[in-house]
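As structure tokens, the structure follows; a few thoughts come after it.
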Amino acid sequence: MDDLVKAIIKEQGQIIGLDLAIRLAKLSGNISFSSDSVESLKLQGDPRAVLDSLLRSYSDVFGQTSINVCIDVIQRFPKQEVMSVVPDYVKNKLSAMVANTPNN
Amino acid sequence: MYTLFMEPYFEDLLKRSRVLVTLLTIVFTFYALSWIYLNLFVPHDSALNDYFTDTYGVVACVGGFLGFTVARLWGALKSIVGRSLSFLSLGLLFQFLGQLSYAIYYYVYNVENPYPSFGEVFYFGSIPIYICGVWLLARALGVGRSLRTSRSKYALFLIPLIMLFISYQLFLKDYEVDSTSPVTTFLDYGYPFGQAIFISLTIVAFIFSKKALGGILRKSVMFVFMALVFQYFADTIFLYETLTDTWRPGGLDDLLFVTSYFSMAFALSTFASSYKKLTVSRVKVAQVEAISTTV
């Protein structure tokens, strides 16, 4: 879960700047940092709630476009690892994407 | 009511951008009112029109510096949005430098309309710079992702072809190549085609981002698109007036350029206010909302 959140913050950082990405992660309410580095993050509370509030925080920037960036990151992680922690609105999109892949 | 959650560095950048926005508004208002005055009360052959034409680029200059200040809020060259804002700001600065070059030719070397000249380095150079700015903005908006999943991929090729065709019909259909002046020929083709490419990219970015684009930055991005369209119209009308020998200093096209520079600068400034809105503490907002609903 820590790795997933770090990856999302770093990916958002590529787009909007790492300072703002970290700031928005802090402002989501469930993530704290002991330094300016993404690696120093600490998650607080239910993982599902953490991810949900993080995605909502980033959705303030570009709306669904920002959520799509987070979804692209989530897709890089093993399905069994992430499906239990992603919000339902993301799970539906992930399921639809998996269903549309050539192997299925 | 809201608690701002930011460091002094970012607070300083926001203050600077507010100062530059105020300066931009003053300068733009001055030139807009001057244009009205010139066109209502001053003869067309007056030198005042030349002074207007040779100095309104300062709007672009202020806008460029404003844009660079705002870009630093977004990570400057370290983020895609920051790089996009930086390129768009550089485009504005290049417009100013192009005008400055022409002004130097006229007032220092007494050369009137020395096309093509050193000024083209900046004027023509602003085209690929704007293209880069729009390209990066499109990347930030996930246009590539939309294109991969869209059934309308043909628009990616159709729109530039249409714009290139329109440019050709408007400016190059009856063009006679002067083999003795290859630079002039290159620029005469390059300006309309280059502008067609950047406006095509703008249209494609708009079409393929508007469905998913939301959030606080939606308005800022739309303002940028509008400013680019406005810039394209100003450039197109300038080219047309030049071809038909109807351009004059202090004319309608000068007002269009002043307004397009202001539009782009204003669009860039909204990224600063958007940054401020994003960094308002969401915890405090939730608390305020909770209080509001219980009252």
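The values are calculated or read from the model by the stated rules, or taken from the named source; none is laboratory data. Being a predicted model, the structure only gives us computed values, none of them experimental. Counting neighbours? That spans all protein chains shown, and the Cβs are built from the backbone with ideal geometry, glycine included. Side chains included, ligands, DNA and RNA excluded: accessible areas come from the protein's heavy atoms. Shrake-Rupley method; radii C 1.70, N 1.55, O 1.52, S 1.80 Å.
For the reader, a short list of remarks on this structure follows.
- Conditions (1) within 14 Å of chain A (Cβ to nearest Cβ); (2) touching an Asp or Glu at 6+ places or on another chain (Cβ under 6 Å): number failed by residue B:71: (2)
- Whenever a residue of the stretch A:12-33 is at the interface with another protein chain (Cβ under 7 Å from one of its Cβ atoms) and over 19 Å from residue A:46 (Cα atoms), its partners that are β-branched (Val, Ile, Thr) and open to solvent by 20 Å² or more (accessible area, probe 1.4 Å), lying with C-beta atoms within less than 7 angstrom and at least six residues away or across chains, give the pairs A:15/A:69.
- When residue B:209 is tested against (1) in contact with a Leu (Cβ under 6 Å, 6 or more places away or on another chain); (2) within 22 Å of residue B:123 (Cα to Cα); (3) not aliphatic (A, V, I, L, M), exactly one condition is not met: (2).
- Of all residues in the stretch B:208-224, those satisfying the criterion of being open to solvent by 10 Å² or more (accessible area, probe 1.4 Å), within 14 Å of another protein chain (Cβ to nearest Cβ) and part of a helix (DSSP H, G or I) are B:208, B:218, B:219, B:222.
- Residues in the stretch B:235-252 that are within 26 Å of residue B:86 (Cα to Cα) and either within 11 Å of the chain's Cα centre (by Cα) or charged (D, E, K, R) (or both): B:235 alone.
- Residue check for residue B:112: touching a helix residue (DSSP H, G or I) at 6+ places or on another chain (Cβ under 9 Å), more than 23 Å from residue B:218 (Cβ to Cβ), acidic (Asp, Glu) and open to solvent by less than 50 Å² (accessible area, probe 1.4 Å): no
- Residue in the stretch B:119-141 that is over 22 Å from the mean Cα position of the chain (by Cα) and surrounded by 15 or more Cβ atoms within 10 Å (Cβ to Cβ) present: no
- Considering the conditions (1) open to solvent by less than 20 Å² (accessible area, probe 1.4 Å); (2) more than 7 Å from chain B (Cβ to nearest Cβ), residue A:62 is excluded by exactly one of them, (2).
- Remark: residue B:185 falls outside the filter, which requires a residue to be among the hydroxyl-bearing types (Ser, Thr, Tyr), open to solvent by less than 70 Å² (accessible area, probe 1.4 Å) and within 27 Å of residue B:277 (Cβ to Cβ).
- Among residues of the stretch B:1-60 being more than 14 Å from chain A (Cβ to nearest Cβ) and outside any helix (DSSP H, G or I), the one that is most open to solvent (accessible area, probe 1.4 Å) is B:1.
- Subset of the stretch A:8-65 [among the hydroxyl-bearing types (Ser, Thr, Tyr) and in a helix (DSSP H, G or I)]: A:40, A:53, A:57, A:58, A:59, A:65
- Filtered residue count, the stretch A:31-74, keeping only those that are within 14 Å of residue A:11 (Cα to Cα), within 14 Å of the chain's Cα centre (by Cα) and among the charged types (D, E, K, R): 1
- Pairing each residue of the stretch A:77-94 that is more than 18 Å from residue A:5 (Cβ to Cβ) with any residue that is polar (S, T, N, Q), provided the two are 6+ apart or on different chains, yields C-beta distances under 9 Å for A:93/A:68.
- Considering (1) within 17 Å of residue B:123 (Cβ to Cβ); (2) outside any helix (DSSP H, G or I), the lone condition that residue B:177 does not fulfil carries the number (1).
- Residues that are open to solvent by less than 10 Å² (accessible area, probe 1.4 Å) and either in contact with a Pro (Cβ under 8 Å, 6 or more places away or on another chain) or under 18 Å from residue A:22 (Cα atoms) (or both), drawn from the stretch B:69-89: B:71, B:73, B:74, B:79, B:81, B:82
- Within the stretch B:255-271, the set of residues being surrounded by 24 or more Cβ atoms within 10 Å (Cβ to Cβ) and small (Gly, Ala, Ser) comprises B:260, B:265, B:267.
- Inspection of the stretch B:167-175 finds no residue satisfying the criterion of being under 24 Å from residue B:85 (Cβ atoms) and surrounded by fewer than 18 Cβ atoms within 10 Å (Cβ to Cβ).
- Candidate set: the stretch B:141-177, residues that are farther than 13 Å from residue B:197 by Cβ and touching a Ser or Thr at 6+ places or on another chain (Cβ under 6 Å); chosen: the one farthest from the other protein chains (Cβ to nearest Cβ): B:177
- So residue B:253, is it free of Cβ contacts under 8 Å to residues at least 40 places away in the same chain, on the phi > 0 side of the Ramachandran plot, more than 14 Å from chain A (Cβ to nearest Cβ) and charged (D, E, K, R): no
- Some residue of the stretch A:71-93 being closer than 29 Å to residue B:137 by Cα, open to solvent by 10 Å² or more (accessible area, probe 1.4 Å), in a helix (DSSP H, G or I) and β-branched (Val, Ile, Thr): no
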